[in-house]
1. Largest first, how would Met106, Met130 line up by accessible area (1.4 Å probe)?
2. Within 10 Å, count the other beta carbons around each residue, average over each peptide in 117-128, 5-16, and list them highest first.
3. Over what distance in Å are the Cα centres of region 4-34 and region 145-167 separated?
4. Under 5 Å between amide hydrogens, which residues at least 5 positions from Glu113 or on another chain qualify, with H placed 1.01 Å from N in the peptide plane?
5. Quick one: which residues, 5+ away or cross-chain, put their amide H under 5 Å from the amide H of Ala128? H built at 1.01 Å from N.
6. With the calculation restricted to Cα positions, what are the radius of gyration and Dmax of region 105-174 in angstrom?
7. Eigenvalues of the Cα gyration tensor times 5, then square-rooted: what semi-axes does that give for region 104-145, in whole angstrom, largest first?
8. Show me, for region 160-168, the HN-Hα J-couplings you get by feeding each phi into the Karplus relation (A = 6.51, B = -1.76, C = 1.60, θ = phi - 60°), rounded to Hz, glycine and proline as x.
Amino acid sequence: NTIQIWDDRFNHSIWHYFGPHVAGSDGLDIDPFTNTIVTSSWRRDVAHLQIWRFNHHATEYSGTEILLDDDEKSLFDHPKTEYFNEAIHLPTMGYVARFCTGTELMLCAGSNENMLKLININTFDTAAWMYNVPNSIYSVDAIQDVNDKRKLRLAVCSENIVFILVTEKRVVLD
């Protein structure tokens with residue numbers, strides 16, 4: 001139940017994060033612009049999504065132990081933000097956590113509720129969702145439409161079915 005940061009110059013990990021139980025290849029993603037890590041945990045007793053600060057000290061690793069003071073270490077020992085299952089739904093066992101590059105959205109998906117959610121990164125509000133898919137959702141990918149930046153195209157894999165979805169950002173008038 002860890003994320004390990006490796007450097008191929010060394011035969012051991014150089015940093016680790018305790019907590020997430022990543023159950024699939026899409027259960028971890030790194031935002032290349034903010035160096036932020038998002039994980040989806042396949043456990044009921046913890047947050048469904050966890051957002052972590054990437055330890056920039058790991059990129060400066062020289063083979064000796066990374067020494068941080070307690071305040072700085074606390075920045076990397078615990079998630080920066082956590083997103084918990086909503087009380088009105090069954091606990092979701094996460095398989096997918098992805099940033100939607102070029103947008104303010106991330107997505108998560110999993111089993112039990114067999115759901116997919118698009119979540120605003122800044123507010124953690126649910127922007128769109130799909131529940132009760134016939135089987136668990138194991139993999140998702142998303143791209144912004146090149147002709148219309150308000151649209152997001154998704155490929156969602158559930159068992160032996162691939163759903164192709166298009167979402168469109170709508171303006172809500174007060």
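1. Accessible-area ranking of Met106, Met130, largest first: Met130, Met106.
2. Going by the mean number of other Cβ atoms within 10 Å, highest first, we get 117-128, 5-16.
3. 27 Å
4. Distant-sequence amide H within range of Glu113: Met93.
5. Those lying under 5 Å, H to H, from Ala128 are Leu118.
6. 12.6, 42
7. 19, 12, 8
8. Computed from phi, the couplings for region 160-168 are 9, 10, 10, 8, 10, 10, 10, 10, 9 Hz.
The values are calculated or read from the model by the stated rules, or taken from the named source; none is laboratory data. All values derive from a computational prediction rather than experimental measurement. With ideal geometry, Cβ positions are generated from the backbone for all residues, glycine too; neighbour counts draw on all protein chains shown. Keep in mind that these areas ignore ligands, DNA and RNA; they rest on the heavy atoms of the full protein, side chains included. Shrake-Rupley method; radii C 1.70, N 1.55, O 1.52, S 1.80 Å.
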